[in-house]
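Each remark here refers to the structure printed beneath this line.
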Amino acid sequence: MKVMFSGVSVECISGDIAAQADITAVVNAANAQLRPGGGVAGAIHRAAGPGLEEESRTLAPIKPGEAVITGGHNLPNRYVIHCLGPVYGADRPEEKFLSDCYRNALKLAEEHGIDSIAFPSISTGAFGYPMKAAAEVAFHTIKEAITSLRKVKLIRFVLYGKDALVLHEEVASKILSD
Ligand code: AR6
């Protein structure tokens with residue numbers, strides 16, 4: 001799925017966030033210490049190599065909703081933007097922290113002149129955020145931020161599996177067409 005909204009292309013695909021060769025910055029669903037871990041963080045660190053952990057360590061710890069930027073090391077991407085999503089049921093209000101992740105990642109992208117950015121579905125794995133609610137927060141935040149974007153021209157969501165893709169396509173179509 002691909003839609004144009006306010007001059008920015010927003011798309012959803014299924015795939016691996018660590019294998020997005022045509023994208024300038026990929027977003028990591030990080031832990032506070034910016035260590036490898038599992039899920040998205042594991043995949044990104046494995047593909048990036050030990051240099052990413054070394055560089056990240058100097059920026060840790062980060063707080064829920066915060067975003068920091070590093071180089072991509074051995075990834076095909078120039079940058080990694082690391083976001084700490086909320087742990088569902090613990091970091092309250094979850095909507096605010098999750099929304100902050102998307103807003104702060106886009107802000108960093110703008111500041112670094114990044115033209116394309118790929119997000120995973122932050123907080124919906126180990127951190128337990130229900131995926132539909134998380135997708136609603138993600139697309140509402142993007143809709144709100146998109147009119148002030150000058151550099152970012154492509155926002156891609158990279159989802160794990162068909163169900164996650166279909167859910168995001170439905171939520172994105174609804175929110176971005178209202
Ligand atoms: N590409 C795209 N999506 C993926 C990938 C991948 N390679 N791997 C998993 N997903 P998670 P969180 C999906 O757990 O909930 C880590 O251990 C996954 O199905 O990566 O923010 C960190 O170290 C889910 O829908 O991130 C933290 O401690 C979504 O990506 C903690 O987990 C996010 O799953 C962060 O938890």
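Laboratory data are not the source of any read-out in this text; all were calculated from the coordinates shown. Remember, it's a predicted structure, so these values are computed and weren't measured experimentally. Because the Cβ atoms are built from the backbone with ideal geometry, glycine has one as well, and the counts that use them run over all protein chains shown.
So here's what we get for this one:
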| item | result |
| --- | --- |
| Global geometry of segment 127-175, whether rounded, prolate or oblate, following the gyration tensor of its Cα atoms and the 1.5 cut on a/c | prolate |
| Neighbour-count order for MET4, MET131, fewest beta carbons within 10 angstrom listed first | MET4, MET131 |
| Alpha carbon centroid spacing (whole Å) that separates segment 108-178 from segment 35-66 | 20 Å |
| Charge dipole magnitude, Cβ of K and R +1, D and E -1 - segment 13-130, Cα centre, debye nearest 20 | 220 debye |
| Relative contact order [Cα under 8 Å, 6+ residues apart], segment 1-145, whole percent | 25 percent |
| Isolated Cys residues of the chain, judged by Cβ distance under 4.7 Å to other cysteines | CYS12 |
| Per-residue HN-Hα couplings for segment 73-80 [Karplus 6.51, -1.76, 1.60; θ = phi - 60°; Hz; x = Gly/Pro] | 6, 7, 6, x, 9, 5, 10, 10 |
| Mean Cβ neighbour count within 10 Å, used as a protection proxy, ranking 18-25, 41-48, 81-88 highest first | 81-88, 41-48, 18-25 |
| Length added when fully stretched, THR147-GLN33, from 0.36 nm per residue minus Cα-Cα | 37.8 nm |
| Sorted by Cβ neighbour density within 10 Å, fewest at the top, the residues VAL166, VAL10 | VAL166, VAL10 |
| Least to most buried among TYR129, TYR79 (fewest other Cβ within 10 Å first) | TYR79, TYR129 |
